Each structure stands twice: as C-alpha cells, then as structure tokens.
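Some notes on the structure that comes next.
Where a number appears in this text, it was derived from the coordinates with a stated rule and is not lab data. Predicted, not measured: the structure shown is a model, and the values here were computed from it. FYI the Cβ positions are ideal-geometry reconstructions off the backbone, even for glycines, and counts take in every protein chain you see.
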Amino acid sequence: MVVNARPPVFADQLMAWQRMHGRHDLPWQIKPADPYRVWLSEIMLQQTQVTTVVAYFERFIERFPNLHALASASEQEVLSLWSGLGYYHRARNLFACAKVITSRYAGRFPESAQELATLPGIGPSTAAAIASTVFGERAAILDGNVKRVLARLTCASQPWGSKALEQVLWAEAIKRLPKDSEVMPIYTQAIMDLGALICRPKNPQCGRCPVAGHCQAFQRGQVDRYPVARAQRSLPLRKTYWALCFDTDGIWLAQQPSSGIWPSLWLPWVINPDALPRDWKLTVQGLQEVIEVRHSFTHYRLLISAAMLRLNSHALPPGAPKGLQRFNWKDAMRLPLPAPVARLLSRLCPAAIKTDDGPRKSRRL
Ligand code: SF4
C-alpha cells in the first residue's frame, strides 16, 4: 500500500516526537542558538558520529571560544586539535571560513542558507542546518542520515550515491518542511534525530518510529530494500612502505607538502619502494616488527607496511630523508596525524615498546 505523506502532519508528528524523545543536551545546543557552535558542530559531524564529535567539540570550544579566537589561530594549531578526527580538509576549510567571516562579514555569520553556502567548507545541507537552526529559515537539510530516512519513506528506486537520488530527495526534503519558519530549529533537529536514533542504517526501530504511518517501505514490508545499494565496485589496492624510527622517549616524523593525499600532516619516513632491498625486513638495523595497516580512500585502498625501527641513539639509519624531525611522544601525539599514523603511534607509546629481541612476524593492525 502506498501512503501519501501529508507534509504538515508529517512535520507535526516528527516534531512532537523530538520534543519528547529527541536530543536536547548536546554541547552545541545552547539557547539562544549560537551560529559559531552550530557551524562548528555541523562541520565536525560530517562523516563522523556524535559520540566521537562531542569530546573534540568541547576541546575546540575551550581553546577557541568564539570565531575571532579561531580566525586568529595558526592552521597548524587548528589541525593539531583536529588530529584523529580525520578528513582534514574539513579543518582547513573551517579555518579558512573563520577568516572569511571575520574579514568579509565583520565576524557575523550570514543569515541565509544561500549566502552561507558560498563560504569554504559549507555545502547546501550544512548551510541549511545553520540557517534553519539559528535563523529559522525554511531551508531543507539533506545529510547522509536524512537521505536514508527519505529514501525509505518514499521507496526511492534510484541507487545510493547517484545524482538522480540526490535530486529526488532534495525535492522530497523541501516538500516536507513545516510551513511555519518559527519551528524550523526543532524540525531540523527532529529529522536529524530520527535518522540517528530510530531510522538507523541497520535494524531501524520501525516499531518506535513516529512517522511509520507515512513510510512506504514500512507499509510494504520492504524496509531492508531501501536505500537501494549502489553497484559494488572493487577499489584498487596500492601499497606503501613506512619506517617508524623511534626510541624510548620519542619518534621521528616529517611534515608532508601542502598538497597530496595528506597535505601538511605528519608522517613517518615514507620509503621509496624502488629503493627497497628485496629482503628489507631482515636487513634493517633495529627492526622490531612490521605492522600492516589498511586505510581506505574514496578511489582506492592503501596497504601500509610499517617497519618499527627502534634506535639506540639519535642517529637515523642511512638513507633517511632530511625532513624527519624528532618529537617526544607527548608532542608527537599532538601533531596533526593521519588516522593510520595516530593508530601506529598509540601502539608505540613508551610503556608498550618491546625489548629489542629481533625481527618478529608481520601482523595486521
Ligand atoms: Fe525508518 Fe522504519 Fe520509520 Fe520507515 S518506519 S522511517 S524505515 S524507522
């Protein structure tokens, strides 16, 4: 049975549920709404779950309590505070955006979604989230959670990730907005909460769903079919070789150029594979073990073979690149590090450093 959603009823039911069961105590939900906090949280929440974001958000607010403080910082400091949250282009755009708002708008956020969407790092959905939550604009959001909810509500047949699905769902999101702009903050929060708490990717809680009566997938008993999965494509595998030179007190790292896959972040010695002897694992002095780390990018997967080289002096092995700098463990962990480097370093904390008893077998991290 196909159920026609009547937008006002849909929005009313959703908001009534949010008032009773939604999230009201997140650290960026202060009253009156603060555009700086809402913007910061929205950028952090892109591709990242609330439970991860809360601690980062609180650290950021403590160090940068307002836009002016953020715009006056250095990019390195912003990247350091972002370290571990991944997707560093968000941190760079955040910093660039703070500077633009400070210089072009005298430190005041523009109030319309259209103008917000012209700023660095703010796409249409993020712009709508800020404009609707802070300024009460009737602007529709369409982040990943909302896409999933709407795809199920409407049994959208277009595959996930396609432009066609995007178009259909934007129209649907706009159609369902409440008429009254005053309720926009609660409506936006409500549809976010529905995706995060009830209509989750796996095991959606349809029995507790406030809009189950509007949901075509539920009415047809086909919730597991939506959203329609995109055709699987196998990503190519690339390999890279790193050497982590460390001693009891610290580690050597090099800052990457400002372009490339990890711009301006800190990596260990990246070994040119052409320069590797065939039996490199056995010939490198001080080798403790080789750890394999996998990391996925949008277009390929990366297999990192990381050789752990424990040094007995501050002298680096022959062939080490000039850019390597030594940091003590505490300072190293504060640098902006790509996720796989952060994982390797957390394993190498001084307490966990093993005695030098020769090469061990490779293993996966
Ligand atoms: Fe999602 Fe189920 Fe609610 Fe439909 S009924 S919106 S599938 S939770």
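Miscellaneous remarks
- Highest GNM mean-square fluctuation among 125, 103, 234, for the chain modelled with Cα contacts below 10 Å: 234.
- Highest-MSF residue in the chain out of 298, 248, 154 [GNM, Cα springs under 10 Å]: 298
- Of the trypsin sites (Lys or Arg not before Pro) in the range 119-206, the ones in a loop by DSSP (not H, G, I, E or B) with at most 11 other beta carbons within 10 Å are 179, 202.
- Too-long pairs where the Cα-Cα distance tops 28 Å, listed order kept, from 239/322; 99/322; 202/330; 175/202; 147/179: 99/322; 202/330
- Normalised by residue count, the chain yields a Cα convex hull volume of 165 Å³ per residue.
- Here the gap between residue 315 and residue 174, fully extended at 0.36 nm per residue and compared with their Cα-Cα distance, gives a gain of 44.5 nm.
- Springs between Cα atoms under 10 Å define the GNM used for the chain, and in it the highest mean-square fluctuation of 222, 13, 232 occurs at 232.
- The label point for residue 346 and the one for residue 205, both projected 7 Å from the Cα toward the Cβ, are 2.7 nm apart.
- For the chain, size of Cβ-based charge dipole, Lys and Arg +1, Asp and Glu -1, in debye: 1060
- For the chain, the 222 nm mean residue ellipticity estimated from helices alone, with every DSSP H stretch of n ≥ 4 adding -39500 (n - 2.57) and the total spread over all residues, rounds to -11000 deg cm²/dmol.
- Per-q log10 I(q)/I(0), the range 159-269, q = 0.10, 0.17, 0.23 Å⁻¹ (Debye; single scatterer per alpha-carbon; no solvent): -0.61, -0.94, -1.43
- Radius of gyration and maximum dimension Dmax of the range 1-158, Cα, Å: 17.0, 57
- Placing pseudo-labels 7 Å out from each Cα toward the beta carbon at residue 160 and residue 19 gives an inter-label distance of 3.4 nm.
- Per-q log10 I(q)/I(0), the range 89-132, q = 0.23 Å⁻¹ (Debye; single scatterer per alpha-carbon; no solvent): -0.73
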